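A quick write-up on the structure given underneath.
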There are 2 protein chains.
Amino acid sequence: MDGTQDDLLPRGMALLWGIDERQRRGPRPALTIHDIGAAAVRIADEEGLAALSMSKVATTLGFTTMSLYRYVDSKDDLVLAMLNEAYGAPPAGGPRTQWRPWLIRWCEANRAALVRHPWILQIPMGEPPLTPNLTGWLEEGLTALHSTELSEQEKLSSLLLAEVYVRGQVQLMGAFDTPAAKQGEFGYAARMRRVLDPDRFPHLATALASGALEDDDGGEDEFRFGLEAVLAGIDRLIEKRVAG
Amino acid sequence: MDGTQDDLLPRGMALLWGIDERQRRGPRPALTIHDIGAAAVRIADEEGLAALSMSKVATTLGFTTMSLYRYVDSKDDLVLAMLNEAYGAPPAGGPRTQWRPWLIRWCEANRAALVRHPWILQIPMGEPPLTPNLTGWLEEGLTALHSTELSEQEKLSSLLLAEVYVRGQVQLMGAFDTPAAKQGEFGYAARMRRVLDPDRFPHLATALASGALEDDDGGEDEFRFGLEAVLAGIDRLIEKRVAG
DNA sequence: CATACACAGTGTATGTCGTACGCAGATGAT
DNA sequence: ATCATCTGCGTACGACATACACTGTGTATG
């Protein structure tokens, strides 16, 4: 039999959470789940998610491929550990009574993580990852909204909205802003122009022609702008709550 | 040499867009990119995205694996064709002057597509897919917002917000609502309870205990509710525009 | 009408990957 | 001192995506 398993959490997650039912016999592990996650993150950062393989991670660490399976059940499990490392601890809290700047900081930090680790947007997610750090981010968000009159359900909805906006925004900007080299000839914008028949998509054509989506500032303004809409939506929820 | 290629669009995309530089010699193709996309969609719907392989799609159609490569450049290319089929044509337009109900319908239809094809949320997306139907959806959204005073940039931001909210909502609900069987013992909720220390995550614990996230109606109410916040955010943008 | 060419579908082969299985040595509990 | 148990490793297997070369086919060209 093999410790660490209660068949509910994969091994990597159990290690992340410190739920370790290992017996205290045998050699001590030479690695930690954090070492492995960090090494994998480094590879994904530098060479992209497609270049990430179990063997590459293992080689980087100076171990064999199979040794990793003492720490994670599967590659999916490894990816969860990567997410945990990539996000790190949630941003420091803000003033107790003002949810707005707090939430803005939360979103900015979230965005920063996505910009630093673009591969995060490429990992297929069936369900929200249940890792310590990501759970911490969620807790932090709820804390930011604690001073409001929102119900728990509404707080979660608000955070979902904010989180999901950040992801979408970064993804969209990534398609347009990334290495300008690709833009000119073979980039996304070029392909778009190739297929965009103004007769068939009049509004989209005018939008493109108007220069929308051609931010050169990395989409910072655009981000803050859309974020205002998100916060306005949350504001409306709060107003409704207070009013009736 | 081989027609259909201008090295800008992958072959599957070129076929979808009807940009076909094929010579008019040789046997006619027995399949269409739509046949292939539809077959792949059926497999993903029934057996999940993980079970999708080139050979399985080909077998379903009664052809060999390699024959598919006459229609798509790669599996990624196939996935784009799948998305195009899965979304289909955008929903019918609404009244010219009222963007709100129009956009609501747009979001509902979007949600319906995601619920019908849950695998969509699992496909890794680096950039917004540039297929005819998806472009049509975007155009339709811009049309809905045409009567507003928003700038083109703002319209796109608004649609991004709406789109991205729908995705996030469906994904979150999927993690909780799917086959209740899994919920009881080994489901997401169970794993969450396993790791959620109320001392470490007080707000999250109370939120969970409050019964949030325990919709049994498939999250319909929850969806409409959050959507209200999104629309309120867009409303705010419009008001700002009008005011100043 | 004859011919040649481009293209469709196929068969084979290759390299990569995830991962199941079992072993040898190390370590600490008994 | 003994032995259960764990670590890291070597081997092996099965999928899978996909490159390449071949065969037959139907159309356009002479």
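The values are calculated or read from the model by the stated rules, or taken from the named source; none is laboratory data. Please read all numbers here as calculations on a predicted model, not as lab measurements. Backbone-built Cβ (ideal geometry, glycine too); neighbour counts: all protein chains shown. Keep in mind that these areas ignore ligands, DNA and RNA; they rest on the heavy atoms of the full protein, side chains included. Shrake-Rupley method; radii C 1.70, N 1.55, O 1.52, S 1.80 Å.
Yes/no per residue for (1) over 22 Å from A:Pro124 (Cβ atoms); (2) assigned by TED's automatic domain parsing to the domain that holds B:Met82; (3) near DNA strand D (Cβ under 10 Å from one of its atoms):
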site	(1), (2), (3)
B:Arg22	yes, yes, no
B:Arg28	yes, yes, yes
B:Ile33	yes, yes, no
B:Arg42	no, yes, no
B:Asp45	no, yes, no
B:Ala50	no, yes, yes
B:Met54	no, yes, yes
B:Phe63	yes, yes, no
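One line per residue, one yes/no per condition, for (1) within 14 Å of chain A (Cβ to nearest Cβ); (2) without any contact (Cβ under 8 Å) to a residue 24 or more places away in the chain:
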residue: B:Thr59; (1), (2): no, yes
residue: B:Gly62; (1), (2): no, yes
residue: B:Met66; (1), (2): no, yes
residue: B:Gly88; (1), (2): no, no
residue: B:Pro95; (1), (2): no, yes
residue: B:Trp99; (1), (2): yes, no
residue: B:Ile120; (1), (2): yes, no
residue: B:Glu127; (1), (2): yes, yes
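In the range A:191-212, what residues are of a type outside the set (Gly, Ala, Ser) and open to solvent by less than 20 Å² (accessible area, probe 1.4 Å)?
Once the filter is applied, which keeps residues that are of a type outside the set (Gly, Ala, Ser) and open to solvent by less than 20 Å² (accessible area, probe 1.4 Å), the range A:191-212 yields A:Met192, A:Val195, A:Phe201, A:Leu204.
For the range A:36-54, give me each residue that is under 14 Å from A:Asp77 (Cα atoms), assigned to a helix (DSSP H, G or I) and of a type outside the set (A, V, I, L, M).
A:Gly37
Restricting attention to the range A:4-26, report how many residues are within 10 Å of DNA strand C (Cβ to nearest atom) and open to solvent by 60 Å² or more (accessible area, probe 1.4 Å).
3
Out of all the residues in the range B:8-20, which are out of contact with any Ser or Thr (no Cβ under 8 Å at 6 or more places or on another chain) and within 14 Å of DNA strand D (Cβ to nearest atom)?
B:Gly12 - this is the single residue of the range B:8-20 that is out of contact with any Ser or Thr (no Cβ under 8 Å at 6 or more places or on another chain) and within 14 Å of DNA strand D (Cβ to nearest atom).
Can you tell me which residue within the range A:199-244, out of those that are more than 7 Å from every other protein chain (Cβ to nearest Cβ) and among the β-branched types (Val, Ile, Thr), is farthest from B:Leu161 (Cα to Cα)?
Filtering the range A:199-244 for residues that are more than 7 Å from every other protein chain (Cβ to nearest Cβ) and among the β-branched types (Val, Ile, Thr), the one farthest from B:Leu161 (Cα to Cα) comes out as A:Val242.
Evaluate the range A:50-64: report whether one residue or more is more than 13 Å from DNA strand C (Cβ to nearest atom) and of a type in the set (A, V, I, L, M, F, W, C).
yes
Which condition number in (1) within 16 Å of DNA strand D (Cβ to nearest atom); (2) touching a Leu at 6+ places or on another chain (Cβ under 6 Å); (3) aliphatic (A, V, I, L, M) is the one that B:Ile120 fails?
The failed condition is (1).
Only one residue in A:Pro29, A:Pro101, A:Pro95 is in contact with a Phe, Trp or Tyr (Cβ under 8 Å, 6 or more places away or on another chain) and more than 11 Å from DNA strand C (Cβ to nearest atom). Which one?
A:Pro95
Taking the stated definitions as given, is A:Ala162 hydrophobic (A, V, I, L, M, F, W, C) and either open to solvent by 20 Å² or more (accessible area, probe 1.4 Å) or outside any helix (DSSP H, G or I) (or both)?
No, not satisfied.
Mind checking which residues of the range A:131-147 are open to solvent by 20 Å² or more (accessible area, probe 1.4 Å) and either closer than 29 Å to A:Asp77 by Cβ or more than 7 Å from chain B (Cβ to nearest Cβ) (or both)?
A:Asn133, A:Leu134, A:Leu138, A:Glu140, A:Ser147
Considering only the range A:69-115, state which residues are assigned to a helix (DSSP H, G or I), more than 19 Å from the chain's Cα centre (by Cα) and within 16 Å of DNA strand D (Cβ to nearest atom).
Selection gives A:Tyr69, A:Arg70.
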